[in-house]
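Undergrad: Have a look at the structure that comes next, please.
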Amino acid sequence: MSAEGYNFAYLDEGTKRMIRRALLKAVAVPGHQVPFGSREMPLPYGWGTGGIQVTASVVGPEDVLKVIDQGADDTTNAVSIRRFFARVAPGLRTTERTAEATIIQTRHRIPETPLREGQVMVYQVPQPEPLYRLEPRRAETKRLHALADYGLMQVKLYEDIARHGRVGSSYDHPVMVGGRYLMAPSPIPSFDNPKMHMSPALQLFGAGRERRLYAVPPYTEVRSLDFDDHPFEPLRAKGHCALCGADHTYLDEMVTDDRGGRLFVCSDTDYCGERQAERAA
Amino acid sequence: MTEWVLKAEGLSKGFTLHLQGGVCIPVLRDAGLVVKAGECVALSGPSGAGKSTLMRLLQGNYGADSGAILVRQADGGVADLATASPRAINALRRETIGHVSQFLRVIPRVPALEVVAAPLIARGMPREEALARAQALLRRLNLPDRLHGLPPATFSGGEQQRVNLARGFVADFPLMLLDEPTASLDAANREVVIALIAEAKARGAALVGIFHDLEVRERVADRVVEVAPLREAA
Amino acid sequence: MMPDDEPILSARGLSLSFGAVRALDEVSVDLWPGEVLAIVGESGSGKSTLLRALAGEMRPDAGRVAYRDASGQDLDVHSMGEPALRRLARTEWGFVRQDARDGLRMGVSAGGNVGERLMAVGARHYGDIRAEAARWLERVEINPDRIDDRPGQFSGGMRQRLQIARTLVTRPRLVFMDEPTGGLDVSVQARLLDLIRGLVSDLGIAVALVTHDIAAARLLAHRLVVMRHGRVVEEGLTDRVLDDPRHPYTQLLVSSVLAA
């Protein structure tokens, strides 16, 4: 079923051109937040309007789109975004397979299957400003970025250790991109942070409500902030997937009954399914 | 012939009270004073004659309207207090001019021992050594050990005066200014002060003092200089 | 400590107008290493404006502020550019604000507040940063057990002491203080003043202190500058300016203070 009367991928060509210009600038200055004229989308803010606009601006009829939410292809958010593009982008194919996708729009995860050259990751970003909680004045955070004055971010890590006894947050752990810009990786688990480092894929980030875009070009250094005596450690639940047996993936915890029963399963449904199929074969 | 340490000449000082319609009150005119090393000079004169004003000029606390206040420093150099910069005056006070006022200006929370040792520490003496010297002098002035660690704010007048004396005498200044140093002391402590003055003279210090206690003045002063009140207003 | 021969900070002919108001009118001041200079005057005299102009936070219409840095180089505060100025502000300089909320990060623990300047200059060892923060809390008489508490849980006096620890932790050469005891109870003020006095003399820091509190100026300052209507009306040795004031305004200022 396709929607009548809309331009390909919903946005008009003028808007796409504006967003692509912003994206080119973002790619040219890795990790730097570029403002853009975020449009009203037929979804509320917080549902990935930034990511959708980025995807809409780079997608073509020959692309293959995968949409994940918390690693899963079948959650409400992923399904509705995938259905949206199927309706407004005639010719576009969608997939749940990481390996097949040319564009992967994501909320909160990076797929377990290693990305390859030519793929584009599109991250949905609620808060693009890594210094947001520390310095509420936007003009001041801009200045701090301009001067690469990031002692403040280290203060946050200090606070995390003081309060929780370990470095950083379990998700949205700040990174330095190309040794220059401090960047919020979006609320992906810190487990995924290392996947951003020297990734062959192009990584684009869109924050609709905050009207900011940023990017990490392929093969760019992405280093997670830490302390010498509290080095960054990607976190994952200790255990293995109850479905595919993986002990190296990011796991979701599932409560199975009301008597404290629980088990772990892969958060990446596609990767887990692939492994299960291999085991069955 | 012994060299002078202090040579004040042609000193004039008056106060213009702008809040009282700009009235001018002259206090000193063409005053002078020479004090040699090892000498103690007592200033005398009726109250209001300008003894205290002269003492304050010699300390740099008041600025002279005219005249010179030459002070020979320990290194032999001569500074004119009447024209010296604030920084130079601070340096003179640190190295050359010691001062015992009638009242101790209390600094909140600083223990007596630290108050006394401060001039030594300011000159760069190691802290432990400075505190040890301060303690010895306070003991000599019969200030009980239990008071050494307390701020002098709550001390009696006599106790505060002894802290003040110790602070003035601890650092062996070449020039000492003493404003009523024995005013609130008992006989025993008065003797200690007389001895301290004698020792300062013996090491070659020049001293200028106001002593209302005539017996003390008799025993310590080599000369008495009269400060006469000015007759007429300018 | 021997006084250095060159001023660490030297301002010449600073003028700044806000509309018809001359906030600064041809002001020149010098500050030497290790010296505490108090700038006194009533509200609106221009003293806070002068402080901000000296610290590069406010650009004068005319005049020059020169800072001699740790390597002995003379820098023009208002033409060095923001990156250089900010670097100075977090290394060789410090600023203690009247309202601790302007000088502290209220959402960050005491330890994080003190550690920030260390991290800003590259400290990356958590244990060392925390230990240094605890030492400084103790030094400003805050129980190190409160290292993880936020400033919101502190009294006004404690906050101000925390701000001082946060400022002095990297041992700046020059600290600007704007009414550091303003708004505090008198008993709290005395403790804070004494703490500042001790730290400044121990560390040999040069301080430009703005205050309307004559007693604070007498206790802390080697030299005094009296400002009125944007001009310096009198300056000199602190006790001389206070005990033998020449200018009518200084006489008024001193006479209106009880037992300064």
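The values are calculated or read from the model by the stated rules, or taken from the named source; none is laboratory data. Bear in mind the structure is a predicted one, so any value in this text is a computation, not a measurement. Positions of Cβ are generated from backbone atoms using ideal geometry, with glycine treated the same way; all protein chains shown enter the neighbour counts. What goes into the accessible areas is simple: the full protein's heavy atoms, side chains included, and nothing from ligands, DNA or RNA. Shrake-Rupley method; radii C 1.70, N 1.55, O 1.52, S 1.80 Å.
Undergrad: Label points 7 Å out from Cα along the Cβ direction at A:A242 and B:V34: separation in nm?
TA: So the label points at A:A242 and B:V34 sit 10.7 nm apart.
Undergrad: When the accessible area of the range C:105-171 is split by element with a 1.4 Å probe, what percent falls to carbon and sulfur? Display every interim value, and only then the final one.
TA: Values: 1080 of 2460 Å².
Within the range C:105-171, the accessible surface is 44 percent carbon and sulfur.
Undergrad: Got a number for carbon plus sulfur as a percent of the range A:236-281's accessible area, 1.4 Å probe? Walk me through the intermediate numbers first.
TA: On the way: 1460 of 2900 Å².
C and S atoms contribute 50 percent here.
Undergrad: Could you calculate the FRET efficiency of C:D243 with A:R143 from 1/(1 + (r/R0)^6), where r is the beta carbon distance between them and R0 is 45 Å, rounded to 0.05? Display every interim value, and only then the final one.
TA: On the way: r = 46 Å, r/R0 = 1.03.
The value I calculate is 0.45.
Undergrad: Here's a follow-up. Using the Cα centre of chain B as the reference point, and only Cβ charges (+1 on K/R, -1 on D/E), how large is the resulting charge dipole? Debye, rounded to the nearest 20. Intermediate values should be presented prior to the final figure.
TA: Working: 27 positive and 25 negative charges, 88 e Å.
For chain B, the charge dipole is close to 420 debye.
Undergrad: Oh, and also: Give the residues of the range C:107-141 whose amide nitrogen is closer than 18 Å to a point set 7 Å from the Cα of A:R163 in the direction of its Cβ.
TA: Within reach of a label on A:R163: C:107-116, C:130.
Undergrad: For the ranges C:209-215, A:96-102, what's the packing order if you count other beta-carbon atoms within 10 Å of each residue, average per peptide, and put the highest first?
TA: On the way: C:209-215: 22.1, A:96-102: 17.9.
By packing density, highest mean first, the sequence is C:209-215, A:96-102.
Undergrad: Evaluate 2.2 N^0.38 Å with N set to the residue count of the protein assembly as shown, then give the Cα radius of gyration divided by it. Write out the running numbers ahead of the final one.
TA: Details: Rg = 36.5 Å, N = 775, 2.2 N^0.38 = 27.6 Å.
Computed over Cα atoms of the protein assembly as shown, the ratio equals 1.32.
Undergrad: Something else: Under the rule of -39500 (n - 2.57) per DSSP H run of 4 or more residues, summed and divided by the residues of chain B, what mean residue ellipticity at 222 nm is obtained, to the nearest 500 deg cm²/dmol? Walk me through the numbers on the way to the answer.
TA: Values: 8 runs with 84 residues, N = 234.
Result for chain B: -10500 deg cm²/dmol, rounded to the nearest 500.
Undergrad: Can you compute the FRET efficiency between B:Q102 and B:D75 using 1/(1 + (r/R0)^6), with r the Cβ-Cβ distance and R0 = 45 Å? Round to the nearest 0.05.
TA: Numbers: r = 31 Å, r/R0 = 0.68.
Efficiency at R0 = 45 Å is approximately 0.90.
Undergrad: Could you compute the net charge surrounding B:L143? Neighbours are other residues with a C-beta less than 10 Å from the C-beta of B:L143; K and R count +1, D and E count -1.
TA: Values: positive: B:R139, B:R140, B:R146, B:R162; negative: B:D145, B:E159.
So the surrounding residues net to +2.
Undergrad: Let me ask something additional. Provide the net charge surrounding C:G115, with neighbours chosen by a C-beta distance below 10 Å and charges set as Lys +1, Arg +1, Asp -1, Glu -1. Walk me through the intermediate numbers first.
TA: Details: positive: C:R117, C:R130, C:R166; negative: A:E159, C:E116, C:D128, C:E132.
So the surrounding residues net to -1.
Undergrad: Based on DSSP, what percent of beta bridges with both residues in the protein assembly as shown are antiparallel, to the nearest 5?
TA: Values: 61 of 112 bridges.
The antiparallel fraction comes to roughly 55 percent.
Undergrad: Same structure, new question: Have a look at the DSSP beta bridges in the range A:13-224 and tell me what percent are antiparallel, nearest 5. Kindly include the intermediate steps, with their values, before the conclusion.
TA: Details: 15 of 31 bridges.
That works out to approximately 50 percent antiparallel.
Undergrad: Here is a further query. Over both sides of the C-A contact, add up the buried accessible area with a 1.4 Å probe and give it to the nearest 100 Å².
TA: Working: alone 12370 and 13430 Å², together 23980 Å².
By this definition, chains C and A bury close to 1800 Å².
Undergrad: C:F154: net charge of surrounding residues, Cβ under 9 Å, Lys/Arg +1, Asp/Glu -1, itself excluded?
TA: Working: positive: C:R146, C:R150, C:R159, C:R161; negative: C:D149.
Charge balance near C:F154 sits at +3.
Undergrad: Rounding to the nearest 20 debye, state how big the charge dipole of chain A is about its Cα centre with +1 on each Lys and Arg Cβ and -1 on each Asp and Glu Cβ. Working shown, then result.
TA: Working: 35 positive and 36 negative charges, 178 e Å.
Here the size comes out at about 860 debye.
Undergrad: Summed for both chains, how many Å² of accessible area, to the nearest 100, are buried between C and B with a 1.4 Å probe?
TA: Numbers: alone 12370 and 11440 Å², together 21620 Å².
So the total buried area for this chain pair works out to about 2200 Å².
Undergrad: Sequence neighbours fewer than 8 away in the same chain don't count; with that in mind, list the aspartates and glutamates whose C-alpha is under 15 Å from A:K195.
TA: In chain and number order, the partners are A:E112, A:E117, A:D172, A:E221, A:E233, A:D268.
Undergrad: Here's something else I'd like to know. How much of the accessible area of the range A:13-224, in percent, comes from carbon and sulfur atoms when a 1.4 Å probe is used?
TA: On the way: 4270 of 8100 Å².
Here carbon and sulfur together make up 53 percent of the probe-accessible area.
Undergrad: Here's something else I'd like to know. Check every DSSP H run in chain B and write down those whose alpha carbon atoms cover 15 angstrom or more along the long axis and whose mean Kyte-Doolittle hydropathy is 0.5 or greater.
TA: Working: long enough: B:112-122 (16 Å, 2.05); B:127-140 (20 Å, -0.71); B:157-169 (18 Å, -0.89); B:187-202 (22 Å, 0.82).
Counting only whole DSSP H runs, the qualifying helices are B:112-122, B:187-202.
Undergrad: If you roll a 1.4 Å probe over the heavy atoms of the protein chains, what accessible area per residue do you get for the protein assembly as shown, in Å²?
TA: Heavy-atom SASA per residue in the protein assembly as shown reads 43 Å².
Undergrad: Another one. Partner chain Cβ atoms within 10 Å, averaged over the residues of B:78-87 - can you pull that number for me? Walk me through the intermediate numbers first.
TA: Details: counts 0, 0, 0, 0, 0, 0, 1, 3, 13, 9.
Average per residue, whole number: 3.
Undergrad: What's the average, rounded to a whole number, of partner chain beta-carbon atoms within 10 Å of each residue's beta-carbon in C:240-249? Write down the numbers at each step before the final one.
TA: On the way: counts 8, 2, 1, 4, 10, 3, 4, 2, 5, 1.
Average neighbour count from other chains, rounded to a whole number: 4.
Undergrad: Return the lysines within reach of B:K36: Cα separation strictly under 27 angstrom, same-chain partners fewer than 8 residues apart disregarded; answer none if there are no such residues.
TA: The reachable lysines, counting only those whose Cα sits under 27 Å from B:K36, are B:K7, B:K13, B:K51, B:K201.
Undergrad: On to the next question. For every helix of n ≥ 4 consecutive DSSP H residues, a contribution of -39,500 (n - 2.57) applies; sum these over chain C, divide by its total residues, and give [θ] at 222 nm rounded to the nearest 500 deg cm²/dmol.
TA: Working: 10 runs with 98 residues, N = 260.
For chain C, the value works out to -11000 deg cm²/dmol.
Undergrad: How many Cβ atoms of partner chains, on average, are near each residue of B:17-28 if near means within 10 Å of its Cβ? Kindly include the intermediate steps, with their values, before the conclusion.
TA: Working: counts 3, 9, 6, 1, 0, 1, 0, 0, 0, 0, 0, 0.
The shielding value for this peptide is 2.
Undergrad: Per residue of chain A, what 222 nm ellipticity follows from adding -39500 (n - 2.57) for every DSSP H run with n ≥ 4, rounded to the nearest 500? Can you show the working numbers first?
TA: Numbers: 7 runs with 78 residues, N = 281.
Dividing the helical sum by the residues of chain A leaves -8500 deg cm²/dmol.
Undergrad: Which values, in whole Å and largest first, are the semi-axes of the equivalent ellipsoid of the range A:236-281 obtained as the square root of 5 times each eigenvalue of the Cα gyration tensor? It would help to have the intermediate numbers written out before the result.
TA: Numbers: eigenvalues 80, 27, 14 Å².
Result for the range A:236-281: semi-axes of 20, 12, 8 Å.
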